[in-house]
Structures are given as C-alpha cells and as structure tokens.
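*Asks:* Below are the structure tokens for one structure; questions will follow.
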Amino acid sequence: MDFGFSEEDEAFRAEARSWLAAHANPATDRRTWERALGKAGWIGLGWPESGHGNRTATLTQQVAWAEEYARSPAPPRSGHIGENLLAPTLIAHGTDEQKSRFLPPIAAGEELWCQGYSEPGAGSDLAGVRTAAVREGEGYRISGQKIWTSLAHEADWCFVLARTDPGSRRHHGLSFLLVPMDQPGRIEVRPIRQMTGTSDFNEVFFDGAYARAEHVVGGEGRGWRVAMGLLGFERGVSTLAQQVGFAEELASVVRVAVETGAVGDPVVRERLVRQWAELRTMRRHALRTLGGSADPGAPSVAKLLWAGWHQRLGELAMQVRGAAATVGPMDWSPSAPYELDAGQHLFLFSRADTVYGGSDQVQRTIIAERVLGLPREPKGAV
C-alpha cells in the first residue's frame, strides 16, 4: 500500500488533537470517558457502516486518530474490545437485528465488552474449548470457565466461544454467543493478580448463564469461522497506536541510559540503536500491510515482530538501570501492594508479550503451514 497523509488527513488529525487537548484527562472515570468519546462521534471510525452515531473516516484518518490518542493524556480505553473486535465481526457476520441492537450502544460508549475465548488448557490452542452451551427453550445455558479475560470486571457483555454440539471435537460444533454479564449467581469474575501487582485480567466462571438464541452470531455450530474472523481484526490500526507508546517507552529507556552513564557501554549503545531501527521497520511493515494484505501470514509476522521487540526493550530497561533496577520499596511486604517504576513494570509485563494474543510458537506454525506450505505439525508433537 502506498501510504501517505493528505491535507484532509492532516486537518482531521488537527481536529482530533484539538478535541483531545480540550477533553482528555487521565483522572476521568473510564466509563464516563467512553460516553464522552461516543457523544463526540469518535467511536467506530473504522466501521464501514455509519448511522450509529459514529463519524466516517478514511483509513489514514483512523491512523491519525489512533496516533493522536496514544500521544494524549487520555485514559486507557475500556471500549476498544467492543469497538475494534466485536463491532467489525457483527458487521461481517451478524444479522441486521444484531447490528441494530449492539452497534449503537457500542458507538455511544454505553455498553462495554470482554472476550470469552481462552480457557485453562485452551489458550493458544483455541480449538480445545470445553465451555458448553446447551439449548434450553429460546436460548442456551452456558457452563465452563474462561481465563485471561481483559476488562471482565467492567464489561456489560461478553462474546463467548462455546461448544453447542456435545459430541463435537476441535473446531467443529462451536458457536459464538453474546452473553450479558449481569447474571448474579450465574457468572462470577475473579481478578488475576500479576507480577506487576495489578489485575488487568480475570477468570470468568459460567454456571448456567443464559444467552438468547437470536444472539448467536453466524449460526449455531459456525463459531470457529466467526472467531477466526474476529482475530483478523485484532491487528489493525491499533498496531500503529501501540507503536507510538513503544516509541515513548524507548525514549524513556534512552534517557535513563544517558542519566546512568550506561550509554557509554558500546554494547548497550548498539542495543539502543537496534531497538530504534527495528521500531522504524515495524512501523513501515504495519503501514504496508494496513490496507489489507493478501499475505495470510502478515498478522503473524507483525505479532512476532512487536512481541519480541517489546520484550527485549523490557530487558534493556533493566540493564541500563544496573543493580538499582532489582530494588523495590523498603517497606514492601508480601501482604501489601507494591509500587514499580516504569522500567520495572515494562520488564515484568513484557514477559507475557510472546504468549498472549497467540504465542510465538503458534505464529510460527501459521507462517510455516499457511504461507510456506510446509507439512502440518503432527498432533501431540512437542
């Protein structure tokens, strides 16, 4: 794709920057902030269907908005799962009734979503899902467990991949259900405390939770196709916004290297330059493939690039600090929360980069089988 920003794009960027400067406040409650974004029409810029309260925007304008948002002091988004994952999936696979019911409240920032995919024993191997949905009257009763569910503690709805055919195996017999989270006694959310001391992910337990039959997307037993289509939306415009954050983290590591004198070490200096060059390469790759690459391995290549890059940056953040990087607060105790500085948080959190969102091993298998045409990996191979 020949990617560039026109005068109209730059005018759109200036409007976005101006609005964010006037309204963005990191202390704003996240649900309140989602409603503010919705009221101003900033949610759903990339949807091919307008009329739900969202603005229309070209691909380059979507990139401009994402980059300006990443540079602003705005709070982290709570609505991105609904906006960037579920909404495009409904547009591609949903019925007119499903679009009419769910797209407007997403665009308004009124309903927040979480993703019910991974399970204990079925993380990267998503076809191993065991959560069951049994037909009952005009709907389904869902029982099972999901894990690593981002924002489940805030979400109003969850899209759940569940097995509706009890005799099915692997990717057959799965369905994609839209499930309301407000079902006391039927759905339990348990935060997972991470090494960073925060709880960004959750376990979700379904004990006979109810989903209406008309809220099955793509038809019963066709959930695998819908689920895979959704994952294709996961690596889009947001990748470029992510790289804005990466650039800021890299700049912070460089500043620390200068302050500590670590930049005088030729090995450290070479690593810093390599991180900078690789980040530029990632941006170019993202721009080249953003318009819709025919290469089925492009999303996997992108994931391999940024996951390894970010993990190495975390290691470098510790290296430039030296021994001081391993020291925590003097009053820390196992029973109390502890504070990490930015470099320590980067190092600990980035350990998961090569696992979540599809592990490195899975991405390499996709490239080997779907792009290079190599034989499929034997079942049970390690």
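*Asks:* So who's got an amide H within less than 5 Å of the one on residue 201, skipping anything under 5 residues away but keeping other chains? H placed 1.01 Å off N, in plane.
*Replies:* 192
*Asks:* Okay, moving on. With a 10 Å cut-off between alpha carbons and a GNM built on the chain, which of 322, 128, 109 moves the most?
*Replies:* In the Gaussian network model the winner is 322.
*Asks:* While we're here: Over all directions, average the projected area of the Cα convex hull of region 8-97 and note it in nm².
*Replies:* 5.8
*Asks:* Here is a follow-up. What is the spin-label model distance, in nm, from residue 172 to residue 40 if the labels are put 7 Å beyond Cα along the C-beta direction?
*Replies:* Once both label points are built, they end up 5.1 nm from each other.
*Asks:* 5 Å is the cut-off here: which amide hydrogens, built 1.01 Å from N in the peptide plane, fall below it relative to residue 118, excluding neighbours closer than 5 in sequence?
*Replies:* 147
*Asks:* Using mean Cβ contacts within 10 Å as the protection proxy, how do 343-352, 134-143 order, highest first?
*Replies:* The most tightly packed comes first, giving 343-352, 134-143.
*Asks:* So how much slack lies between residue 325 and residue 248, counting 0.36 nm per residue of separation and subtracting their Cα-Cα distance, in nm?
*Replies:* Going from the current span to full extension adds 25.8 nm.
*Asks:* For residue 156 and residue 355, what does the FRET efficiency come to when R0 = 35 Å and r is the distance between their Cβ atoms, rounded to the nearest 0.05?
*Replies:* According to the calculation, E is roughly 0.80.
*Asks:* Could you tell me the calculated FRET efficiency between residue 92 and residue 195, based on Cβ-Cβ distance and R0 = 45 angstrom, to the nearest 0.05?
*Replies:* 0.75
*Asks:* Here's another thing I want to ask about it. For the peptides 85-93, 29-37, what is the packing order when you average, over each peptide's residues, the other Cβ atoms within 10 Å and list the highest mean first?
*Replies:* 85-93, 29-37
*Asks:* Another question about this same structure. Report, in degrees rounded to the nearest 10, the 0 to 90 angle that the Cα long axis of helix 96-107 makes with the longest principal axis of the chain.
*Replies:* 30
*Asks:* Using the Cα centre as the reference, give the magnitude of the dipole from point charges on the C-beta atoms of the chain (Lys, Arg: +1; Asp, Glu: -1; all else neutral), rounded to the nearest 20 debye.
*Replies:* 860
*Asks:* Roughly how compact is region 47-169, stated as its Cα Rg over 2.2 N^0.38 Å to two decimals?
*Replies:* Compactness ratio reported: 1.22.
*Asks:* Quick one: if the Förster radius is 56 Å, what FRET efficiency do residue 15 and residue 183 give, using the C-beta to C-beta distance and rounding to 0.05?
*Replies:* The value I calculate is 0.85.
*Asks:* Could you work out [θ]222 nm for the chain from helices alone, using -39500 (n - 2.57) per DSSP H run of at least four and dividing by all its residues? Round to the nearest 500 deg cm²/dmol.
*Replies:* The helix contribution divided over the chain gives -13500 deg cm²/dmol.
*Asks:* I would also like to ask the following. Between the helical axis of 298-321 and the dominant principal axis of the chain, each derived from Cα atoms, what acute angle in degrees is found, rounded to the nearest 10?
*Replies:* 40
*Asks:* Running Debye on the chain with equal point scatterers at the Cα sites and no solvent, what base-10 log of I(q)/I(0) appears at q = 0.09, 0.10, 0.15 Å⁻¹?
*Replies:* Values returned for q = 0.09, 0.10, 0.15 Å⁻¹ are -0.58, -0.73, -1.57.
*Asks:* Which whole-Hz ³J(HN,Hα) couplings does region 55-69 yield from phi under the Karplus relation 6.51 cos²θ - 1.76 cosθ + 1.60, θ = phi - 60°, glycine and proline marked x?
*Replies:* Rounded to whole hertz, the list is 6, 8, 7, 6, 4, 5, 6, 4, 4, 4, 4, 4, 5, 5, 5.
*Asks:* State the volume of the convex hull built on the alpha-carbon positions of region 240-321, expressed per residue in Å³ and rounded to an integer.
*Replies:* Here the figure is 73 Å³ per residue.
*Asks:* Using a 10 Å cut-off on Cβ atoms, rank the peptides 312-319, 357-364 from the highest mean neighbour count down.
*Replies:* 312-319, 357-364
*Asks:* Using a 1.4 Å probe on the protein chains only, how many percent of the accessible area of region 35-132 belongs to carbon and sulfur?
*Replies:* Carbon-and-sulfur percentage of accessible area, whole number: 51.
*Asks:* I would also like to ask the following. What residues qualify as long-range amide H neighbours of residue 209, i.e. H under 5 Å apart, gap of 5 or more or another chain, H built at 1.01 Å from N?
*Replies:* 142
*Asks:* Output ³J(HN,Hα) for region 76-91: one whole-Hz value per residue in order, computed from phi by the Karplus curve 6.51 cos²θ - 1.76 cosθ + 1.60 with θ = phi - 60°, and x for Gly and Pro.
*Replies:* With coefficients 6.51, -1.76 and 1.60, one gets x, 6, 9, x, 5, 5, x, 5, 9, 10, 5, 4, x, 5, 5, 4 Hz.
*Asks:* Tell me, what is the per residue accessible area of the chain in Å², probe radius 1.4 Å?
*Replies:* Averaged over the residues of the chain, the accessible area is 50 Å².
*Asks:* Let me ask another. Per-residue HN-Hα couplings for region 34-40, Karplus 6.51 cos²θ - 1.76 cosθ + 1.60 at θ = phi - 60°, whole Hz, x for Gly and Pro?
*Replies:* Per residue, the Karplus-derived 3J(HN,Hα) values read 4, 5, 5, 4, x, 4, 7 Hz.
*Asks:* Same structure, new question: Working from Cα positions, state the angle (0 to 90°, nearest 10) between the long axis of helix 223-232 and the longest principal axis of the chain.
*Replies:* 20
The values are calculated or read from the model by the stated rules, or taken from the named source; none is laboratory data. Every value quoted in this text rests on a predicted model; they were computed, and no experiment measured them. Positions of Cβ are backbone-derived with ideal geometry, glycine not excepted, and every protein chain shown enters the neighbour counts. All accessible areas refer to the heavy atoms of the entire protein, side chains included, with ligands and DNA or RNA removed. Shrake-Rupley method; radii C 1.70, N 1.55, O 1.52, S 1.80 Å.
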